[in-house]
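For reference, the structure is listed below as C-alpha cells.
The values are calculated or read from the model by the stated rules, or taken from the named source; none is laboratory data. From a predicted model like this one, the values you see are computed outputs, not experimental measurements. Cβ placement follows ideal geometry from the backbone for every residue including glycine, while neighbour counts extend to all protein chains displayed. All accessible areas refer to the heavy atoms of the entire protein, side chains included, with ligands and DNA or RNA removed. Shrake-Rupley method; radii C 1.70, N 1.55, O 1.52, S 1.80 Å.
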Amino acid sequence: MGTLIKQELFKLVHKKGTWIGAALIVLVQFGIAALAKMQGKIFGPADMFQSTFLGTSMTLFVLIASTASIVSMEFQYGTVKQLLYRKFYRSQVFLSKVCVVVLHMLALFALELAVTFAIKFAIFPQVDLAAKYMGTPAWQYLLIGQGGEILTALLLLSFVLLMSTLFKTNAAAIACGYVGYFLISMASTLLLMVIARWHWVKWNPFTMLMLPQQLQSPDIAKATYLSNPEMIGGLVVYTVVFTLIAYLSFRKRNV
Amino acid sequence: MATELKVKDLHKFFGRKQVLNGVDFTVETGHIAALVGPNGAGKSTIMKAILGLITTNGGEVTIAGHAVSITSHQELDNVGALIEYPGIYPFLTGRQHLDLFVTGTKAVKKAKIDWVVQAMQMGGYIDTKAKSYSLGMKQKLGIAQALLNRPKLVILDEPMNGLDPQAVKNLRDVIVSLAKGGTTFLISSHILSELEKLADTVLMLNGGRIVQQTTMHELQNAGTKVFTIHTVDDEGARAALINQGIQILPGNKTIAIALTEEDSLDKALRALINVNVTITGVNQVKHDLEGSFLDMIKSGEAK
C-alpha cells in the first residue's frame, strides 16, 4: 500500500497542474490582499482575513480539478491496465488514490492557511487575532471555519471522485464538481426556504455543505434544522457512501 | 521443463457474445509462445484474463503453478505486460515512467533502468517528456516498462506496432536473449514473419478456441514435404518429368513436386539427369506461419 501511495504522490508531484494550482491559490490570496490594502473600506482586512483572502475557495477550486483527474486520467492515458495487472488489487489502487486526495487536500489547506497568516502579519498587522469576530476570537473563528471547510471538502471531493470513475475524461468530472460547488454557493438561501417548508429535505447532502457557516454562526441551525453533530454525522455518512459507490464503479469498469 | 503458464478451459462472455470458448494451452518456462488469430478472435481478452484484469465465466489460469484471477494477484508480481497500447503519462519523462514502476534497492533500480534503456535503445530521448514521443517511442517505452523488473513471464500484445525495422530487429534480439535466460514470453502480433523468427510455440486461436498448439519446428515441417527444382531449361525439365509420370504441383512458376513416396525426389532428379537437363538448385519448401494461419482461417470459414 505504501508503494502505491508513493507512486500516486510521484505522479501528483510531477504534474505541472499541481504546482500551477498551488501557485494560483497563493497569487489570488496576495491579489485579494493587495485589493484590501488599496480599498480597505470595501474589502475590510479583518473580513478578508476571515475569508482567508479567498484561499479556501481557490483551494476547493484546485482540489476539484485535481481529484477529478486522479482516476479519469488513468483511463484517458490508457495507464489503468498497468496499475491493475500488478500484485495489487483494485481496492488497494483505489484506496491509494483516496489517500493521495486527502493528503493533497491537507497540504493545500495548510498552504492557504499559512499564506493567510503570513499576509496578516506582513501586510495587516492591525488585524487583531484576539479581537472578537461575531462573538468569537478572530483566530478561533477562522480555525473553526477551516475545520468545517475541510469536512465539507471531503464530501465534495468524494462526489467528484465518484464522477471521475463514471466519466471517461476528466473534463466531465471537473464540470460536475464545479457545478455542484457553485450551485450550493448560490442556492443555499433557496435550499433553506425549501427546508423550512419540508423539514425532511434537510437530510440532503447540500445542507451538509453549510457546516462551516453553521459552526461559525450557530444560529444557522435554526434554518437547517440540524444540530452540529447531526450535520457532521450526515457529512461523514455521505462522504463514505459516495466513496463506496465510487469504488464499486471503479471496480466494475472495463479496462 | 516446467510449465510457466497454463490456461485451462477459459470461457468469457461479453453480454451474450461468447468471446472465449474453452481456451486451453500451456507455455513452458523459457519458451516464446506466439498467439495468433484473426481480428476479434480474443487474443487481448486471453491476455487480460491471464493478467487478472477481467472476470471470466469459467476456467483457470495458473502462473508458475499459482492460480491468477481478478481476485488473486500475488503471482503477478513476476509478470510484465504491454496490452493493446502503451499507457503513457504525457507529463512524465521516459525515465520517470521507469522510476515510477521499478522495484528493488537504489542500486538495483539504477541497474534495471540503465539496462532497459540500453536494451531498448532509448538513451536519446529517455529524459524528455513523453508527450513529445512518436508512436514508436511510446511503444518502446511500453515494452521497457514490461521488461523493467526482469519478470519471469512477459505478455506482449502487438509489440512491433509502430516500430521501425531496426527497432523490430533489436526487440527480437532482446526477447531471444531474455528467453535464453529463462524468461517466458506470450506474444501476439499480426506481423507473422516476425513471430516466425521468434516463437518456439505457436498457439492458433480461432472462434474463441485454441485450434492448434504446436512448435514452430513442427509447423514448418508439417504435412507433405514439397521440393522446388531449379534448372537451366524448365520447359524441358517439365516435359521430362511428365514423361516419367512424375506429378508437378500446379500453380507454381518454379517446378515443385510433392514427396508422396520416399523416392519421389530421387526419381525426379534421375529423370532430369537422364535427359541432360542441368539442375541449378533443389530447395525444400517450408510451411510458414502465414500459410498455416491462412489455412486455419479458411478451414474456420468452411465450417
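Taking (1) within 15 Å of the chain's Cα centre (by Cα); (2) open to solvent by 20 Å² or more (accessible area, probe 1.4 Å) in turn, A:V62 satisfies each apart from (2). Inside the stretch A:72-91, residues that are crowded, with 18+ Cβ neighbours inside 10 Å and polar (S, T, N, Q) make up a count of 3.
Condition check for A:K252 on (1) within 14 Å of chain B (Cβ to nearest Cβ); (2) in contact (Cβ under 8 Å) with a residue 40 or more places away in the chain: one failure, at (2).
Scanning the stretch B:1-20 for residues that are part of a strand (DSSP E or B), within 25 Å of B:R172 (Cβ to Cβ) and open to solvent by 10 Å² or more (accessible area, probe 1.4 Å) returns B:T3, B:E4.
Applying the set (1) part of a strand (DSSP E or B); (2) surrounded by fewer than 19 Cβ atoms within 10 Å (Cβ to Cβ); (3) within 13 Å of the chain's Cα centre (by Cα) to B:K197 leaves exactly one unmet item: (1). If the condition is being crowded, with 16+ Cβ neighbours inside 10 Å and within 14 Å of another protein chain (Cβ to nearest Cβ), then the stretch B:101-123 contributes B:F101, B:V102, B:K109.
Among residues of the stretch B:33-49 being closer than 20 Å to B:A199 by Cβ and within 14 Å of chain A (Cβ to nearest Cβ), the one that is modelled with the lowest pLDDT is B:S44. Scanning for something touching a residue at least 40 places away in the same chain (Cβ under 8 Å) and part of a helix (DSSP H, G or I), does the stretch A:186-198 turn up at least one residue? No, the conditions are met nowhere in the stretch A:186-198. Of all residue pairs spaced 6 or more apart or on separate chains, those with beta-carbon atoms under 7 Å, a first member in the stretch A:59-78 that is away from chain B (no Cβ under 13 Å) and a second member that is assigned to a helix (DSSP H, G or I) and of a type in the set (K, R) are A:V71/A:K97.
Give the number of residues within the stretch A:218-231 that are open to solvent by 60 Å² or more (accessible area, probe 1.4 Å), out of contact with any helix residue (DSSP H, G or I) (no Cβ under 6 Å at 6 or more places or on another chain) and not charged (D, E, K, R). The number of residues fulfilling the criteria is 2. Entry remark, the stretch B:21-49: residues being closer than 18 Å to A:Y85 by Cβ and either outside the structural domain of B:L192 (by TED's automatic domain parsing) or in a loop (DSSP other than H, G, I, E, B) (or both) number 1 in total. Inspection of the stretch B:221-228 finds a residue satisfying the criterion of being among the aromatic types (F, W, Y) and open to solvent by 10 Å² or more (accessible area, probe 1.4 Å). Residues that are out of contact with any strand residue (DSSP E or B) (no Cβ under 7 Å at 6 or more places or on another chain) and either assigned to a strand (DSSP E or B) or modelled with pLDDT of 80 or more (or both) do occur in the stretch B:221-235. For A:I42, work out the one condition from (1) away from chain B (no Cβ under 14 Å); (2) in a helix (DSSP H, G or I); (3) of a type in the set (A, V, I, L, M, F, W, C) it doesn't fulfil. Going through the list (1) away from chain B (no Cβ under 14 Å); (2) in a helix (DSSP H, G or I); (3) of a type in the set (A, V, I, L, M, F, W, C), A:I42 breaks only (2). The number of residues in the stretch B:50-100 that are assigned to a helix (DSSP H, G or I) and either in contact with an Asp or Glu (Cβ under 7 Å, 6 or more places away or on another chain) or more than 11 Å from chain A (Cβ to nearest Cβ) (or both) comes to 3. Residues in the stretch B:83-100 that are in contact with a strand residue (DSSP E or B) (Cβ under 9 Å, 6 or more places away or on another chain) and buried (at least 19 other Cβ atoms within 10 Å of the Cβ) were compared, and the one that is farthest from B:S177 (Cα to Cα) is B:L92. Of all residues in the stretch A:153-170, which are of a type outside the set (A, V, I, L, M), open to solvent by 10 Å² or more (accessible area, probe 1.4 Å) and part of a helix (DSSP H, G or I)? The answer is A:F159, A:N170. None of A:G17, A:G21, A:G55 is within 14 Å of chain B (Cβ to nearest Cβ), part of a helix (DSSP H, G or I), over 30 Å from B:V68 (Cβ atoms) and open to solvent by less than 10 Å² (accessible area, probe 1.4 Å) except A:G21.
Summed over the stretch A:95-118, the residues that are away from chain B (no Cβ under 14 Å), open to solvent by less than 50 Å² (accessible area, probe 1.4 Å) and in contact (Cβ under 8 Å) with a residue 60 or more places away in the chain give a count of 10. Kindly indicate which of B:G207, B:G245, B:G162 is at positive phi, open to solvent by 30 Å² or more (accessible area, probe 1.4 Å) and in contact with a strand residue (DSSP E or B) (Cβ under 8 Å, 6 or more places away or on another chain). On inspection, the qualifying residue turns out to be B:G207.
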